[in-house]
Amino acid sequence: MGSRVHLSADWLEKFGGAEKVASSLLALYPESKIAALWNDSPEIPKDRSIEILGRPRSLIGKASVLPRMPSIWSNFDFQDDSCKTLLSTSHLFAHHVSRSANSSGANRIAYIHTPARYIWEPKRDSRASWVPSSVINHLRKIDFRAAEQLDGIIANSEFTKEKIFNAWGRTADRVIHPPIDLERIRQIQGTELTDQEIREIADLSVPTRYFVAISRLVPYKRLDLAIKLSAKLGLALAVIGSGPDLVNLQHLANRLGAKVVFMGGVSDKIKFHIAEGSEFLYFPGIEDFGIVPVEMFALGVPVIAANAGGAKETVQEGVNGFLTDYGDVDAATSAVRKISRLSATDIQTSSLRFDKGEFAKKITEFVGEQ
């Protein structure tokens, strides 16, 4: 017997908010499979995923395959006549999965993290800057038509809802914030570190006093501002995450004389342990939602974030953190002085509205049961 709901995702990385959404949807619809260009996520079982492009991964660059993606998705077929809903979790073209290619004529519903930044916000995310403007314009037309054909759109934030309207001229039907697994976070918090994990943390050379930034190392995440804040405060910075901007950020830290420890990608257990020992999380970029701050709230860690994007919907001024003007390191410095006023209990309580149970309830209300 097939599944009444099948899922599509652009690709599945090792870590990321989109992958947490995909994992939650797979748990919500236990008979479903998820199609993705490739699956590098340890959280998404291989027997539940369909890798459209597969391996060798090293030969598949995201930007290099960009012009082909719409046709890949529009021609993909789950080959399951029992499927009634094609549910996409999309930040690029996964919502292009075609109804006509699936003989069931299933409804198409998209959970949108953002309309494709590569083509709709190229100044914000320049990783596809090599793609000619004529190709970008062509992809916009294709993307617009695909959005027109969707039966339902869910935005991951009010910020994304506005972007959807600006790009596609459509108003999202619902806003449903991404989930965090509070129970899992509590379990991790309550589990002692193994000897191996203690050695791993020791090898990372975690400073005695520090704040954290947790992100992929790409320019639009604005980790350069975190390094500038570290230099201005004279407070060490622990950066958790990996990405192509590492060398540039290392050079900046050296030039400013900031004490920055780049820790690369680590397990959630080690990430949470390091974050709990920090003074605060600095979240300087503009995110469509931003799941990292909400995870920090669950740990009782305060957040200083740019007053932009999804952070405006998660950071409650004077309750779980502070918002500052985008790019204003001086304002962030002033906010740091107020961190001690916040209550760890209040910070943790603020995370409850983002629990995966709330997400599951809202998704099933909109999409339906399997």
Next item on the list: Kindly provide the set of residues from the stretch 49-59 that are modelled with pLDDT under 90 and either in a loop (DSSP other than H, G, I, E, B) or under 16 Å from the mean Cα position of the chain (by Cα) (or both), ordered by number.
Entry: Leu53, Gly54, Arg55, Pro56
Notebook entry, point to check: Can we say Arg174 is more than 23 Å from Ile304 (Cα to Cα), at pLDDT 95 or above and in contact with a Phe, Trp or Tyr (Cβ under 9 Å, 6 or more places away or on another chain)?
Noted result: yes
Check: Given the conditions (1) within 30 Å of Leu299 (Cα to Cα); (2) in contact (Cβ under 8 Å) with a residue 12 or more places away in the chain, which single one is not true for Gly190?
Finding: (2)
Checklist line | Test set (1) more than 21 Å from Phe359 (Cα to Cα); (2) touching a strand residue (DSSP E or B) at 6+ places or on another chain (Cβ under 6 Å) - Val175 fails condition number | finding: (1)
Notebook entry, point to check: Since Phe165 meets every condition but one in (1) in the same structural domain as Pro219 (by TED's automatic domain parsing); (2) free of Cβ contacts under 8 Å to residues at least 24 places away in the same chain, which condition does it not meet?
Noted result: (1)
Margin query: Scan the stretch 242-256 and tell me whether some residue there is of a type in the set (A, V, I, L, M, F, W, C), at pLDDT 95 or above and under 14 Å from Leu281 (Cα atoms).
Written below: no
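For (1) more than 18 Å from Ser8 (Cα to Cα); (2) at pLDDT 95 or above; (3) not in a helix (DSSP H, G or I); (4) not hydroxyl-bearing (Ser, Thr, Tyr), each residue gets a yes or a no:
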site: Thr114; (1), (2), (3), (4): no, yes, yes, no
site: Lys123; (1), (2), (3), (4): yes, no, yes, yes
site: Leu139; (1), (2), (3), (4): yes, no, no, yes
site: Asn166; (1), (2), (3), (4): yes, yes, no, yes
Check: Here are some residues: Leu237, Leu249, Leu182. Which one is in contact (Cβ under 8 Å) with a residue 60 or more places away in the chain and surrounded by 18 or more Cβ atoms within 10 Å (Cβ to Cβ)?
Finding: Leu182
Check: Has the stretch 206-219 got at least one residue that is out of contact with any helix residue (DSSP H, G or I) (no Cβ under 8 Å at 6 or more places or on another chain) and surrounded by 18 or more Cβ atoms within 10 Å (Cβ to Cβ)?
Finding: yes
Notebook entry, point to check: Name the residues in the stretch 13-48 that are in contact with a Phe, Trp or Tyr (Cβ under 9 Å, 6 or more places away or on another chain), farther than 20 Å from Gly357 by Cβ and modelled with pLDDT of 90 or more, would you?
Noted result: Lys33, Ala35, Ala36, Leu37, Trp38, Asn39
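The values are calculated or read from the model by the stated rules, or taken from the named source; none is laboratory data. Keep in mind the model is a prediction, meaning the values are calculated, not measured. When we count neighbours, we look across all protein chains shown, and the Cβ atoms used for this are built from the backbone with ideal geometry, even at glycine.
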